[in-house]
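Since every read-out is calculated from the coordinates, none of them should be taken as a lab result. The structure displayed is predicted, hence computed values, not measured ones. Using ideal geometry, Cβ is built from the backbone for each residue, glycine included, and neighbour counts are taken over all protein chains shown.
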Amino acid sequence: MDAVFKNVAELMELSARTAPKAAGRDFIVTKVVVGEDLKRLGAEMKKYGETTGKKNFDRDGKNVADSGALLLIGLKTAKDVGLNCGACGNDKCAQLAAAHDGPEFSGPYCAWRLVDLGIALGSAAKTAGILNADNRIMYRVGVLARKLGIIDADVVAGIPLAGTGKSIYFDR
């Protein structure tokens with residue numbers, strides 16, 4: 001069954017890659033995680049929650065460890081779109097602050113690049129749904145995937161996959 005989940009994750013990866021991007025420029029990075037890497041990631045999520053006192057890292061870590069595969073989707077060194085729209089909080093794109101490492105992600109980012117990330121995540125989740133794989137978009141998994149060097153990205157979210165009689169990602 002793990003091979004099936006890996007195949008689903010790879011098709012989701014295709015959906016993320018081909019999702020529309022602002023100004024036609026692609027800064028999306030992806031990574032499929034399976035097997036022992038998936039179990040280790042789940043265990044590290046639990047430890048991180050205990051160490052930091054942050055809520056629900058343990059719950060989501062258990063979900064990740066119980067999954068058949070995981071797709072990570074992130075942004076890496078994304079340039080602003082150049083609209084001078086102010087959505088990032090600045091009047092001009094040139095005023096976007098220099099990149100810095102925050103406690104969980106690097107930023108700041110052009111709001112439209114974060115929209116690109118959201119569209120890629122939504123496209124991937126749609127593909128999982130079409131293929132009848134239980135899934136849930138999770139920010140917490142991205143935090144640890146980045147910290148552990150599983151993916152080289154500035155901002156990351158993940159979509160774990162399962163196939164059980166009742167989704168393990170809801171009614172938790």
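Listing for the model above:
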{"item": "Pick from the stretch 139-172, criterion of a type in the set (V, I, T) and part of a helix (DSSP H, G or I), ranking: nearest to A128 (Cα to Cα)", "result": "V141"}
{"item": "Answer residue from the stretch 12-64, given it is among the aliphatic types (A, V, I, L, M) and more than 16 Å from the chain's Cα centre (by Cα) and is farthest from S167 (Cα to Cα) among those", "result": "A23"}
{"item": "Residues that are outside any strand (DSSP E or B), free of Cβ contacts under 8 Å to residues at least 12 places away in the same chain, on the phi < 0 side of the Ramachandran plot and more than 13 Å from the chain's Cα centre (by Cα), drawn from the stretch 83-127", "result": "N90, D91, K92, A94, Q95, A97, A98, G102, P103"}
{"item": "Members of the stretch 46-82 that are assigned to a helix (DSSP H, G or I), surrounded by 15 or more Cβ atoms within 10 Å (Cβ to Cβ) and β-branched (V, I, T)", "result": "V64"}
{"item": "Search result, residues across the stretch 133-155 that are of a type outside the set (D, E), over 20 Å from G68 (Cβ atoms) and buried (at least 19 other Cβ atoms within 10 Å of the Cβ)", "result": "V143, R146, A153, V155"}
